[in-house]
Amino acid sequence: MPGKRMMDFSNCYPEDPHSLNFGAQRGFLKVLKSGLKETLFPDDPFREIKKEDKPLFKAIKWLQYLVPIFQWLPTYTWKLFISDFFAGLTATSIAVPQAISYAKLAGLHPIIGLYTCFVPPIVYAIFGSSRHLSVGPIASASLLISQTISTVVRPEDDPVLYLHLVLTTTFVAGLFQACLGVLRLGILVDLLSHSTITGFMGGAAVMLTLQQLKGMFGLKHFAHKTGVITVLQSIWTYRHEIRWETTVMGLIFLAYLQITKHQRNRNRKLFWLSAMAPMTTVIVGGVFTYLVNGKRHGIQTVGHLSRGINPLSIKALKFDSTYLAPVLRAGFITGVLSMAEGIAIGRSFAVVENTPHDGNKEMIAFGLMNMCGSITSCYLTTGPFSKTAVNYIAGCKTAMSNLVQAFLVAFTLEFLAPLFGYTPLVVLSAIIISAVLGFLNYAEVVRLYKVDKFDFVICMAGFFGVIFIALDVGLMISVGLSILRALLYVARPDSCKLGKLPELGLYRDAEQYTVSTLPGILIVQLGSPMYFANSNYVKERIMRYIRCEEDSTGVTVEQIILDLSGVTSIDTTSLEGLWETNKIIENNGIQLKFVNPRIEVVEKMMAAKFVSRIGKESFFLTLEDAVKASQIALRKSRASNSEDGMIKGTTIHQSAVDSC
């Protein structure tokens, strides 16, 4: 009856040991501690430390946790070193030419690329948790740094200032990464969804390829911006500068690099062929250019490279307010991007080999190696996929392979650096193009389209944003759409109408299964947290369920059961929304019941006096208990019209479900 108080069913099962627990509320500090633990320490990283009783052993565990090299170094053997040595040697063969190439891509002197392969690997070997990650510069971050810093100073105009700003950007990125790791805020990295990274990397591959056409064609002039239209216009404008000698040479080396990659994919035992290919092209290209006097034929070379290891550059860091905005922007974006890529790559190999991998430790390691690198003439470093894959396939067992790489690069800097000055720029362009073509993952884009259209839109937004606007803008657009999607999930939470599977006695989604229901009883399951953003939607959705149920069955709904098992949290706005919903349906003669609210939800309901206003008799532990109580209420309200006191079930048809 309208306005009538709900009946008291608290005595239906007075001795039921499985009734809902309305025990004492947890204290604020306990709730806060539990929330912080789940937010910041979901993996319980200190569990091994807690097991130790003796102070000395506990201190050792702390040292191993903070400095991961001490986890594997005490048990390190000569056999492991042999494996790591050959893996490091193989990784160095690809690291040196890639480092020179990516430094040129970043607008830096090639020697900076070699410097970047010396200090950061040492730092990572000490503090990194991945056993297989091989660190070094990456193409996308190199281009992004160049694009951002070039807005305030171009490397051709003032190379010294440009270098100082790049080093400052590296320091900012490292500081940001380390802070995220210390504060255990790796959740920010999760904003880069798989679809975002796929689209961004694909767009970056196109942009990187277009940028390398300058080297492939031997052009002396080129576009300053990276937009695809601008680059193509630039090539057309300066087409008279194209040298056929350089172009033919570049195509031959690019074909060789792609053939070796194809052979590696067909037979993993030939991985060394692909791993040695970049170094082979550098050596052959350098010797060929030297013998034919390539400068006479328009073949440009790297130029002089000085001997010696990294000089200190702490005084080069420049925090001038004039340049601070682009430095901070580049440091933040490249820091997040490189960190997400490095962590994802390290995690993928750790899963394959079942080896330790801690995302927060990785953030700290990346941060420390970039901060240390910025004061030793290195620019941004992370874990490139190509180097890591070569490192893994070559038999790497521990992070010692990074130390081997650092030693070999130091040897190169001291004794072999001048020889790389004869390397043709066209060879570096061919190496970069070959490396980034693998970023164009057509199969994954097709899969995204088939599986999730919104993910496909996010991917394409990042892709087209990168190639037509700018790298950072394309990334921001894609991330923005991902956040918008997450907000839509919050604002429009999932819900479904439940029915009973007669053979199993379980309650499941009426849209997914053929189920039976009871006339006059509506069961709705809410599957996500309830916040201010979705409070009104939940109320409207419940009212629509009622109208759809009455229209499809022709029976007036008198009992509504809300399954709150999937509602992990609730705020005061949603509590008021539920109370308003209860008053509305109560005025229409409908009773509302709740099933299995989680502990946080129950505590807030009790604190807000919601339970006392609704009545504890309206809360149940299981759906079966709530249905039985609703049946009792229906029998009493229909006693005059019921012949045997039993209500028969009816089958829900798909058309009736779809209409809701």
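The values are calculated or read from the model by the stated rules, or taken from the named source; none is laboratory data. Computed from a prediction, not measured in an experiment: that's the story for all the values here. Counting neighbours? That spans all protein chains shown, and the Cβs are built from the backbone with ideal geometry, glycine included.
Among the residues making up region 288-344, a single one is outside any loop (DSSP other than H, G, I, E, B) and acidic (Asp, Glu): 341. Once region 354-377 is narrowed to residues that are part of a helix (DSSP H, G or I) and small (Gly, Ala, Ser), the residue that is surrounded by the fewest Cβ atoms within 10 Å (Cβ to Cβ) is 359. The numbered conditions (1) in a helix (DSSP H, G or I); (2) at pLDDT below 85 are all true for residue 257 except (2). For region 469-482, what are the residues that are surrounded by fewer than 17 Cβ atoms within 10 Å (Cβ to Cβ) and in contact with a helix residue (DSSP H, G or I) (Cβ under 7 Å, 6 or more places away or on another chain)? Passing the criteria: only 473. Within region 572-605, which residues are in a loop (DSSP other than H, G, I, E, B) and either at pLDDT 90 or above or surrounded by 17 or more Cβ atoms within 10 Å (Cβ to Cβ) (or both)? Passing the criteria: 590, 596, 597. Residue pairs whose Cβ atoms lie under 9 Å apart, separated by 6 or more positions or on different chains, with the first residue in region 362-387 and within 22 Å of residue 201 (Cα to Cα) and in the same structural domain as residue 273 (by TED's automatic domain parsing) and the second acidic (Asp, Glu) and surrounded by 24 or more Cβ atoms within 10 Å (Cβ to Cβ), are 383/362. Residues that are closer than 28 Å to residue 110 by Cα and more than 21 Å from the chain's Cα centre (by Cα), at least 1 per element: which helices (runs of 4 or more DSSP H) completely within region 415-487 meet that? Output list reads 425-436, 453-468. Number of residues in region 25-59 that are of a type outside the set (S, T, N, Q) and surrounded by 12 or more Cβ atoms within 10 Å (Cβ to Cβ): the value is 14.
A single entry from 91, 87 fulfils the requirement of being surrounded by 24 or more Cβ atoms within 10 Å (Cβ to Cβ), within 28 Å of residue 250 (Cβ to Cβ) and among the hydrophobic types (A, V, I, L, M, F, W, C): 91. Please specify each residue of region 393-403 satisfying the condition of being crowded, with 23+ Cβ neighbours inside 10 Å and assigned to a helix (DSSP H, G or I). Residues satisfying the conditions are 401, 402.
Within region 602-635, the set of residues being in contact with a strand residue (DSSP E or B) (Cβ under 6 Å, 6 or more places away or on another chain) and free of Cβ contacts under 8 Å to residues at least 40 places away in the same chain comprises just one member, 604.
The requirement of being without any contact (Cβ under 8 Å) to a residue 12 or more places away in the chain, farther than 28 Å from residue 151 by Cβ, out of contact with any strand residue (DSSP E or B) (no Cβ under 6 Å at 6 or more places or on another chain) and surrounded by fewer than 20 Cβ atoms within 10 Å (Cβ to Cβ) is fulfilled nowhere in region 302-323; no residue meets it.
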